[in-house]
Amino acid sequence: METTYDPKAIERKWQARWQETGVYEADLEHAKAPYYNLMMFPYPSAEGLHVGNVYAFTGADIHGRYQAMRGKDVFEPMGFDAFGIHSENFAIKRGIHPKTLIAGNVLHFREQLRRLGGRFAWSHAVETTDPDYYRWTQWIFLQFFKAGLAQRRKAPVNWCPSCKTVLANEQVISGRCERCDSEVVQRELEQWFFDITRYADRLLDNLDHLDWSDVIKTAQRNWIGRSDGAELRFPLAQDPETEIAVFTTRPDTAYGATFLVLAPEHPLVRKLATPETEAAVAEYVRQAVARSQEDRIGGQDKTGVFTGGYAVNPFSGQEIPIFIADYVLYGYGTGAIMAVPGHDERDFAFATVHGLPIVRVVAGPDGDRSPLAEAYSESGIAMASGPLDGLPTPKAKEAAIRIAEERGIGQRHRTYHLRNWLISRQRYWGPPIPVVYCEKCGIVPVPEDELPVLLPDVQDFVPKGTGQSPLAAIPSFVETTCPRCHGPAKRETDVSDNFLDSAWYFLRYPSSHDDRSAFDPALTRKWLPVDSYIGGKEHAVLHLLYTRFVCMALHDLGYLDFEEPFKRFRAHGVIVRGGTKMSKSRGNVVNPDEFFDRYGADTLRSYLMFMGPYEEGGDFSDQGIEGLYRFLNRVYHLVRKNVAGSSAKASDEAVRLRHQTIRRVTEDIEGLKYNTALAALMEYLNGLQRESAVAQEDLRTLVLLLAPFAPHLTEELWQALGQPYSVHQAAWPAYDAQVLVAKTVTVVIQVDGKLRDRLQLPAGLGEEAVRQAALQSDAVRRFLPEDASLRFVHVPDRLLSIVTR
C-alpha cells in the first residue's frame with residue numbers, strides 16, 4: 001500500500017532510533033579501521049545555526065557517511081567554540097550574561113544539529129567554556145610558558161575600540177576588526193604572545209606536502225611571507241657608533257639609497273629630532289600611532305617629516321637624510337627602510353613629493369640607462385654601483401651581500417611577514433591566563449594541580465576600554481598567594497584568545513572523558529592526525545595556522561607523535577542569497593528551522609549540495625528547494641510502489657545504468673562533487689521510472705547511493721525493503737566495469753546531411769562494417785544515386801554520414 005511522504009514524521013522517528021541505538025558512536029578503543037572525520041565546531045554566538053553552517057556540516061557529514069559505508073570506523077564528533085568575543089558581544093547586544101545566554105544557545109544549536117541528521121558522536125562533545133575543557137587549555141599555556149614559547153612584553157598592538165580589546169594581526173581585515181568591522185587603531189600595551197615565528201620555516205616548508213586546498217596553502221604562504229635578502233647597517237652621521245639597521249631584498253640597489261625612512265614608533269626618532277624639527281616630529285608621531293596598520297600601509301598620501309638627522313650610506317659613503325613616515329611599521333622588519341626611489345614605486349612617490357634625489361643604479365637588460373620617469377623595479381644590470389657595475393641582478397645581489405659581510409656593514413638575512421601570536425584579551429568571557437605576579441618572584445605559573453583557574457561569576461562583564469579586563473575589578477579574584485614564596489601576589493586578569501581554545505579541540509575529542517590528561521597518548525596515536533577536515537577558507541591564516549603551530553610545538557615538547565594535525569583539508573564554498581554572503585558576523589540571514597519544518601532536513605541537505613560545486617558554493621533560492629523536495633518524493637513513491645514482493649528482472653539497460661550510476665556517484669562523492677552526484681541519482685531515478693517494473697537490486701542501489709545525502713528517508717526506505725538496520729552500516733555498492741560497456745549502440749545514418757535510418761549495431765564496430773550495414777539498409781539505399789562516388793564520415797558508435805555530391 002502506497003503512503004504519503006511525511007518528512008517530519010520520518011525524521012523524528014529515525015533521529016530517536018539513532019540516539020537510542022548509538023549507531024554513530026565509534027568504539028574508539030577497539031576500532032579496526034579508524035577514520036577521523038572533522039568539521040569546524042560552531043560559535044554559539046547567535047540564536048541558532050544559519051544556512052551557511054548547515055551547508056558546511058552537511059558536506060562534511062556526507063563524506064563521513066560515505067566512509068562508514070566503505071567499511072571505515074568513522075568518528076565524527078561535534079562541539080561548541082563558546083568562549084570569546086563573538087559570544088560575549090552577542091551577550092552584550094542582548095543584555096544577558098554570557099554564561100546564561102550561551103548555555104541556552106548551545107541547547108538550541110544541539111537541537112538543530114540533531115534535526116540536521118548528522119552522524120555526530122555526541123558522547124564526545126566538548127564545550128570550550130566547560131572548566132573540564134579549559135583546564136587543559138590553561139595546561140597548554142603553561143607548557144608553552146615553561147618552554148619559552150609564551151612571553152609577556154610591551155608592544156604596539158591592534159586595538160578595537162568597539163570590542164574594547166586587542167586583536168591579533170590575523171584578526172584585522174583591511175584595517176578593520178574581523179568581528180565587528182570597526183576601524184582598528186594602535187596602542188602600546190603589555191601583552192602575552194606565543195612565539196609562532198620560531199616555527200615560520202617549518203610552517204612554510206610543510207605546505208609543500210600537505211593534501212590541503214590550494215587556496216589555503218597559498219594564503220598561508222603569503223601570510224608567513226618569507227623573504228631573503230640582507231640586513232644592512234647605516235651609521236648616524238652625528239654619532240657613527242649608533243647604527244640604523246634595515247632589511248632589503250635588493251641589496252644590489254644600496255648605492256641608490258638616497259634617504260632612510262623610520263617608523264614613527266622607532267626608538268631613535270626622539271634622538272634624531274633637532275630643536276627645529278622636534279615639534280613637527282612629535283605631532284606626526286602622535287597622529288601616526290593612532291592610525292591602523294592597514295590604513296597606514298594602504299594610504300595614498302605619502303606623508304612624512306624630516307627628523308633633522310642624517311645617516312651615512314655604508315656603500316656610497318654619502319650622507320643621506322632620515323625621515324619618518326607612517327607607511328613604515330615598527331613591528332615589521334627593523335622598523336626602518338633604505339629608500340631607493342629609482343627602483344621602488346613607493347620610494348619614488350615619496351621622493352617626488354618631498355623633492356629628494358632619484359638615482360638610477362639598475363640598467364635595463366638591454367643596457368638602457370636613460371633617466372627614470374617612474375621607478376624601474378625589474379631585474380637588469382648594475383650601474384653607478386662601484387664594484388657591482390656590469391653584474392646582472394642575481395649576481396649583483398650576492399656580490400653586495402659579500403661586500404657587506406667583508407666590510408662589517410651587514411649580512412645575509414631572512415625575514416617574515418608572520419608576527420608572533422598575540423593571545424591575551426582584555427575581556428571577561430574566556431579562560432583566565434594561569435599566571436600570577438609576585439613582587440619577589442616575578443611572573444609565576446599557576447601549578448598544574450591547581451588548574452583550572454576558574455572564571456569567576458560577575459554581574460558587570462562589559463569591557464570598559466581601559467586596557468584592563470573586567471576581572472581586574474574583582475579583588476577576590478585578583479588577590480592571591482604566590483605559589484613559590486607564598487607571599488601576596490596578583491593574578492593575571494587578561495583571558496586568552498578563543499583561537500587558542502580551538503587550536504587543539506580536535507585533540508580533546510577522543511579523550512573528552514579523560515580527567516588525567518589533555519589527550520590520552522594511546523587514543524591520540526590511534527586516531528590522529530585527523531583523516532579529513534572540512535571548513536571555511538576564511539580561517540586560512542587564523543585557526544588553520546594556529547592549529548598547525550600548536551601541534552608542532554606539542555610535538556617538539558614530546559606530547560604528540562606528529563606535527564601536522566590534518567592529513568587532508570578541504571575548503572568548502574560560500575553560499576549567498578540574492579548575492580549577499582551569509583555569515584554570523586552579519587547575523588543569521590536564513591534560519592534553517594523554517595526549511596526543516598516545511599520540507600524536512602533531507603530536502604534541505606540535498607538542495608544545499610545540489611545548488612553548486614561544494615568547494616565553490618552557490619546562490620540559495622527559496623524556489624530552487626522545491627525541485628529537490630519533488631525528487632525525494634519521487635524516490636519515496638517509486639520504492640513504496642515496487643516494494644511489495646516485486647520479482648522483476650532488470651533490463652540490460654537498467655543494469656548498465658545502475659553500474660554507471662554507482663561509478664559516477666562514488667567518484668563524485670570522493671571528489672566532493674556532490675551536485676553532480678545528485679544529478680546522476682536523478683538520471684538513475686528517471687531511468688528506473690521508464691522501466692515497466694523495477695528490480696529489487698535497483699531499488700536497494702538507489703537507496704544506498706542516496707543515503708549520505710538523505711539519511712532519514714533512506715533509513716525509512718531501507719526498512720521498507722526488508723533490509724536490516726541500519727542503511728548507514730550497509731556496504732557501499734560496487735560497480736562492474738565490464739557492464740558499463742554497452743553491448744549494442746544506435747548509429748545514426750545520414751545521406752547528404754539528412755537522417756535516413758537508425759541502426760542497432762554491436763558497440764565498437766569498425767567503419768567498414770558500419771558502411772556495409774548502412775549500404776544494406778533499404779531506407780538508405782533508395783537515396784543513393786547509381787554509380788555515385790560516395791564519401792563517408794564516421795563517428796564511432798554514433799554516426800555515419802554519406803555524402804553523394
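The values are calculated or read from the model by the stated rules, or taken from the named source; none is laboratory data. The model shown is predicted, which means the values in this text are computed figures rather than measured ones. Glycine gets a Cβ as well: all are built from the backbone with ideal geometry, and neighbour counts include every protein chain shown. To get the accessible areas, we keep the full protein, side chains included, count just its heavy atoms, and leave off ligands, DNA and RNA. Shrake-Rupley method; radii C 1.70, N 1.55, O 1.52, S 1.80 Å.
May I ask for the angle, rounded to the nearest 10°, between helix 85-94 and the longest principal axis of the chain, with both axes built from Cα atoms and the value confined to 0 to 90°? The helix 85-94 is inclined about 80 degrees to the chain.
Kindly express, to the nearest 10 degrees and within the range 0 to 90, the angle between helix 674-690's C-alpha long axis and the longest C-alpha principal axis of the chain. Long axis of 674-690 versus the principal axis of the chain: about 10 degrees. Under 5 Å between amide hydrogens, built in the peptide plane, is the criterion, and for Y376 it picks out H343, D344 among residues at least 5 positions away or on other chains.
Packing order of peptides 370-380, 93-103, highest average first: 93-103, 370-380 (average count of other Cβ atoms within 10 Å over each peptide's residues).
Of the peptides 539-552, 670-683, the ranking by mean beta-carbon count within 10 Å, highest at the top, reads 539-552, 670-683.
Relative to one another, the C-alpha centroids of region 1-30 and region 687-755 are positioned 24 Å apart. Rg and Dmax of region 742-803, based on Cα coordinates, read 10.9, 36 Å.
Between E25 and D460, full extension at 0.36 nm per residue minus the direct alpha carbon distance yields a gain of 152.5 nm.
Of all aspartates and glutamates in the structure, the ones whose alpha carbon falls short of 12 Å from that of K537, not counting any fewer than 8 places away in one chain, are D214, E615, E616. Sites listed here are GluC sites (Glu not before Pro) in region 157-257 whose DSSP assignment is loop and whose Cβ has at most 10 other Cβ atoms within 10 Å: E241. In loop segments of region 192-277 as defined by DSSP, the trypsin sites (Lys or Arg not before Pro) with at most 16 further C-beta atoms inside 10 Å of their C-beta are R226. Full extension of the chain between D593 and Q772 yields a length gain of 58.0 nm, computed as 0.36 nm times the residue separation minus the alpha carbon distance.
Measuring nothing but how far apart in sequence close Cα pairs (under 8 Å, 6+ apart) lie, relative to its length, region 742-803 scores a relative contact order of 43 percent.
Between Q689 and E283, residue separation times 0.36 nm minus the direct Cα-Cα distance comes to 138.2 nm. Ignoring lysines fewer than eight residues from K93 along the same chain, the ones with Cα atoms less than 17 angstrom from its Cα are K164, K464, K584.
A cut-off of 5 Å between modelled amide H atoms, ignoring neighbours fewer than 5 places along the same chain, links E188 with V157. Only alpha carbons enter this Debye calculation for region 228-416, each as an equal point scatterer, and the log10 of I(q)/I(0) it gives at q = 0.13 Å⁻¹ is -0.65. As a calculated quantity, the FRET efficiency between R270 and C485 at R0 = 35 Å, using C-beta atoms, amounts to about 0.35. When its C-alpha radius of gyration is set against 2.2 N^0.38 Å (N residues), the chain gives a value of 1.22. Rounded to the nearest 10 degrees, the inclination of helix 652-670 to the longest alpha-carbon principal axis of the chain is 10 degrees. Accessible area per residue for region 605-739, computed on protein heavy atoms with a 1.4 Å probe, is 40 Å². Based on C-alpha pairs under 8 angstrom that are at least 6 apart in sequence, the chain has a relative contact order of 15 percent.
The modelled label-to-label distance for the pair R781/L210, using points 7 Å beyond Cα in the direction of Cβ, is 7.2 nm. For the chain, adding -39500 (n - 2.57) for each run of n ≥ 4 DSSP H residues and dividing by the number of residues yields -10500 deg cm²/dmol at 222 nm.
For the chain, the antiparallel share of DSSP beta bridges with both residues in that region comes to about 75%. Over what distance in Å are the Cα centres of region 228-272 and region 539-578 separated? Measuring centre to centre over Cα atoms gives 38 Å.
Among K217/K397; K217/K673; K13/K641; K72/K641; K526/K567; K271/K440, which pairs are too far apart, with a Cα-Cα distance over 23 Å? It would help to have the intermediate numbers written out before the result.
Values: K217/K397 29 Å; K217/K673 21 Å; K13/K641 21 Å; K72/K641 33 Å; K526/K567 14 Å; K271/K440 35 Å.
Over 23 Å apart, Cα to Cα: K217/K397; K72/K641; K271/K440.
Each part gets one Cα centre, and for region 319-347 versus region 177-203 those centres are 23 Å apart. Peptides 508-514, 324-330, 496-502 ranked from most to least packed give 496-502, 324-330, 508-514, packing being the mean of other C-beta atoms within 10 angstrom over each peptide's residues.
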